[in-house]
Amino acid sequence: MKLRDYVLVNAETLTDSKTITEELDPGLKIMELRCRYSATNGATSNTLGKLNAKITKLEVVDGSDVLHSLSGQEEQSLNFFRHGRLPFQQLNSKAAGAVIEEFIINFGRFRGDRECYLDTSRFKNAQLRLTNAFTVSATAGIATGTGVLTVIAKVIDEGAPPCKGFIMSKEVKSWTTLASGDEDTELSVDWPYQSIMVKDLLTTVEPDVSLTNFKLIMDAGRFIPFDLSSAIVLADNMDRFGPARQRLNFLNDTAVTWLSDLYARMTAYMGPVGGTAKGAAATAIGEQIVAYMTTGDTGNLFINAQGYAPHSCFYLPFGDGANTEDYLQVDGAKKVILRLTQGGAAGAGAVVTNQLRQ
């Protein structure tokens, strides 16, 4: 088998708000699309230190047929659960510092899958469509016009085995959580489900607060694949996938507050702390880290975070995610309902489905 890294977009400068569309040539056998964004911080700082919330949509479409559609935060969360780690990040809050974040659109069941990939010959006009909406600010965003995008497609040039299909990932619903009550989402019954991912994002709040239970109901309760509390799902995710890690090169200051992307059981430490200044992480609540340090150091100092539930997401796979025989079969089902029980208001909820499209 012969593999190739094909540079689809080569260091293209972006306007601060832009949708870029690239044709995917007929006959490509694409395993993944690696989307790499970079930008330069504002003249004073970028207190966020990251870009992922400003990558609003990563899509692959064929006319009106949507083959993949996630936000940047959802893409990174799915990367963690399916690859075992977050994609590359260079997080930086310093004045005019460089921030880099990657988002991997993976069409396989796992990274490096040779049997499930996107075969563009099956579609009339497959396109990659990426949207960014950067915040321009001297203190809490980037310098205008500094966004840069590179996209690298990993393709099978020769010797590809027969295609079993590809994993089609989509956000099928988003809403704002309420203090109580059930939120029902009717799922499509066209393709088998590899997994379902649920987002429950509310700053400084752990993910099992705003949503308290997950129940999947098929045909009015004739079959219920799962009916689990969010605490149990979170514990299973922690045990199965382990912790995620991030590192921020932070703006030198006596008091630092940073919102990481890790929302559950997060811990943090400073290190290295500098030659002439000393500091420590004081608290970690939800994704928020508060650190303190003495004055006098101008070098590169770092906050290191470790935690679970990236971007406050839960992951519910069917089987191990790799064996297609374990996927949830919906062929012949009349109705499939995902029922999410709410326990806290103002959370940014979303449902992402991952299906084996054949």
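To the nearest Å, what is the center-to-center distance of region 230-309 and region 73-101, using C-alpha atoms only? Comparing the Cα centres of region 230-309 and region 73-101, I get a distance of 14 Å. Coupling constants for region 117-128 follow from the phi torsions by the Karplus curve (6.51 cos²θ - 1.76 cosθ + 1.60, θ = phi - 60°), and in residue order they are 7, 8, 9, 5, 5, 7, 10, 6, 8, 5, 9, 9 Hz; glycine and proline get x.
Solvent-free Debye calculation, one equal scatterer per alpha-carbon of region 168-275: log10 I(q)/I(0) at 0.17, 0.18, 0.20, 0.21 Å⁻¹ equals -1.01, -1.10, -1.27, -1.36. Each principal axis of the Cα cloud of the chain was taken in turn, and the coordinate range along them, longest first, works out to 67, 47, 33 Å. Packing, as the average of other Cβ atoms within 10 Å across residues, places the peptides 156-163, 118-125 in the order 118-125, 156-163, highest first.
Hey, rough spin-label estimate for residue 220 and residue 157, points 7 angstrom out along Cα→Cβ, what's it come to in nanometres? Between residue 220 and residue 157, the simple spin-label model gives 5.8 nm. Projecting the Cα positions of 166, 144, 252 onto the charge dipole of region 116-260 (unit charges on Cβ atoms of Lys, Arg, Asp and Glu, taken about the Cα centre) puts 144 furthest along the positive direction. Over every Cα atom in region 1-164, the radius of gyration and the widest Cα-Cα span, Dmax, amount to 16.4, 53 Å.
Once the Cα-Cα distance is subtracted from the 0.36 nm per residue extended length, the residue 357 to residue 171 segment shows a gain of 65.4 nm. Note on region 1-164: with charges restricted to the Cβ of Lys and Arg (+1) and Asp and Glu (-1), its dipole about the Cα centre is near 400 debye. Pairwise alpha-carbon distances in region 226-265 exceed 13 Å for 66% of all pairs. Summing charges over all other residues whose Cβ lies under 14 Å from the Cβ of residue 35, with Lys and Arg as +1 and Asp and Glu as -1, gives -2. Annotation for residue 298 and residue 23: the two label points, set 7 Å from Cα along the Cα-Cβ direction, are 5.3 nm apart.
Exactly which trypsin sites (Lys or Arg not before Pro) in region 189-235 are in a DSSP loop and have at most 10 other Cβ atoms within 10 Å?
222
Under the convention that each Lys and Arg Cβ holds +1 and each Asp and Glu Cβ holds -1, the size of the dipole of the chain around its Cα centre is about 480 debye.
Taking a point 7 Å from the Cα of residue 190 along the Cα-to-Cβ direction, the residues of region 317-332 with backbone N closer than 17 Å to it are 329-332.
Our summary gives region 47-91 a relative contact order of 30 percent, counting only alpha carbon pairs under 8 angstrom and 6 or more residues apart. Using only side-chain charges placed at the Cβ, +1 for Lys and Arg and -1 for Asp and Glu, the dipole size of region 165-358 relative to its Cα centre rounds to 240 debye. Compared with the dominant principal axis of the Cα atoms in the chain, helix 230-241 is inclined by about 80°. Measuring max minus min along each principal axis, the C-alpha atoms of region 165-358 give extents of 68, 37, 23 Å (largest first). Note on region 1-164: Lys pairs 8 or more places apart or on different chains, Cα atoms under 27 Å apart, count 25.
Using all pairs of distinct alpha-carbon atoms, the Kirkwood hydrodynamic radius of region 50-132 works out to 14.1 angstrom. Under Stokes-Einstein, with the Kirkwood radius over Cα pairs as Rh, the value for region 100-171 at 37 °C and 0.692 mPa s is 215 µm²/s. Structural descriptor for the chain: relative contact order 25 percent, calculated from alpha carbon pairs under 8 angstrom and at least 6 residues apart. Charges on Cβ only, +1 for Lys and Arg, -1 for Asp and Glu, centred on the Cα centroid of the chain; of 27, 283, 214, which one is farthest towards the dipole's positive end? Working it through, the farthest residue towards the positive pole turns out to be 283. Give the residues of region 133-164 whose amide nitrogen is closer than 20 Å to a point set 7 Å from the Cα of residue 114 in the direction of its Cβ. In region 133-164, the label zone of residue 114 (backbone N under 20 Å from the point 7 Å along Cα→Cβ) covers 153-164.
For residue 341 and residue 121 in one chain, what is 0.36 nm times their gap in residues minus the Cα-Cα distance, to one decimal in nm?
Values: separation 220, 0.36 × 220 = 79.20 nm, distance 4.21 nm.
Between residue 341 and residue 121, full extension yields 75.0 nm more.
Per-residue ellipticity at 222 nm computed for the chain from its helices equals -2000 deg cm²/dmol, with DSSP H segments shorter than 4 residues left out and the rest contributing -39,500 (n - 2.57).
Residues whose amide H falls under 5 Å from that of residue 135, counting only those 5 or more places apart or on a different chain, are 142, with hydrogens built in the peptide plane.
Counting only residues at least eight positions apart within a chain, or on another chain, the lysines with an alpha carbon under 23 Å from that of residue 334 are 170, 173, 215.
For region 183-228, the relative contact order is 22 percent, taking Cα pairs closer than 8 Å that sit 6 or more residues apart in sequence and dividing their mean separation by the residue count.
Values in this text are rule-based calculations from the coordinates and carry no lab data. Keep in mind that this is a model prediction, so the values were computed, not measured. Methodologically, a virtual Cβ is constructed for each residue, glycine included, from the backbone with ideal geometry; neighbour enumeration extends over all protein chains shown.
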